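Values in this text are rule-based calculations from the coordinates and carry no lab data. Since the structure is predicted, the reported quantities are computational estimates derived from the model, not experimental observations. Positions of Cβ are generated from backbone atoms using ideal geometry, with glycine treated the same way; all protein chains shown enter the neighbour counts.
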Amino acid sequence: MRFIFLFLLFFSFSHAKTAYESGKILYMQKGCYSCHGTKLEGVHKYPYLANRAKGYMIYKLKQFRSKISDNQQQEMMIPFAVDLSDDDIENLATYINEFVAQESSEKYDDSYQIHGDGGS
Ligand code: HEC
C-alpha cells in the first residue's frame, strides 16, 4: 500500500506544472491578454502587468474577487476575478512577476554562442 501511495505521489509531482506555467495558461484561458496584452504590456487604458510586484498583484486580484474596486474603471476587473481560486491568483501573480525574466531567458539563450571573429 505504501509503495503505491509513494508511486502516486511521485507521479503527480512529476506531472505538476510550475506556478509560472499554470499562470501562463490561466492568463490565456481567462482572456486576461485581451486587455492587458499578450506580453503583459497593457493596452490603451488597461494597465501593464509585466514585472509588477507579486504581493500587490495578489492583493488587487483578491480585492476584485471580493468585488471591491477603488474606482469605476477597476470594476471591469471584477467579472474576471470572481471565479479565481487562491491558487489561481498565486499562479497568475507568479506569471506576472516573473514574466520578463522568464521570457527573455527563452529568447536570449546564454548557451548559444557564435564562434569566430564575426568575419571582419
Ligand atoms: C475587459 C478588460 C480586462 C480584462 C479581460 C482583464 N482586466 Fe485586469 N484590469 C482591467 C482594468 C480596467 C483594470 C483597472 C485599471 C485601473 O486601475 O485604472 C485592471 C486591473 C488589473 C490589475 C491591477 C493592476 C493595478 O495596477 O492595480 C491586475 C493585477 C489585473 N487587472 C489582472 C488581470 C488578470 C489576471 C486578468 C485575467 C484573469 C485580467 N486582469 C483581465 C481590465 C481587464
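Considering only the range 21-36, how many residues are small (Gly, Ala, Ser) and either at positive phi or surrounded by fewer than 14 Cβ atoms within 10 Å (Cβ to Cβ) (or both)?
So the first thing to find is which residues in the range 21-36 are small (Gly, Ala, Ser), and the list is 22-23, 31, 34.
Then keep just the ones that are either at positive phi or surrounded by fewer than 14 Cβ atoms within 10 Å (Cβ to Cβ) (or both); that gives 31, 34.
So the answer is 2.
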Check your understanding: When the range 75-109 is examined, which residues are found to be near the ligand (Cβ under 9 Å from one of its atoms) and of a type in the set (Gly, Ala, Ser)?
Key -> 81, 93
Practice item. Could you tell me which residue of the range 16-56 is farthest from the ligand (Cβ to nearest atom), considering only residues that are over 21 Å from residue 73 (Cβ atoms) and assigned to a loop (DSSP other than H, G, I, E, B)? Key: 16
Practice item. Can you confirm whether the range 66-80 contains a residue that is surrounded by 13 or more Cβ atoms within 10 Å (Cβ to Cβ), under 18 Å from residue 18 (Cβ atoms) and of a type in the set (D, E, K, R)? Key: no
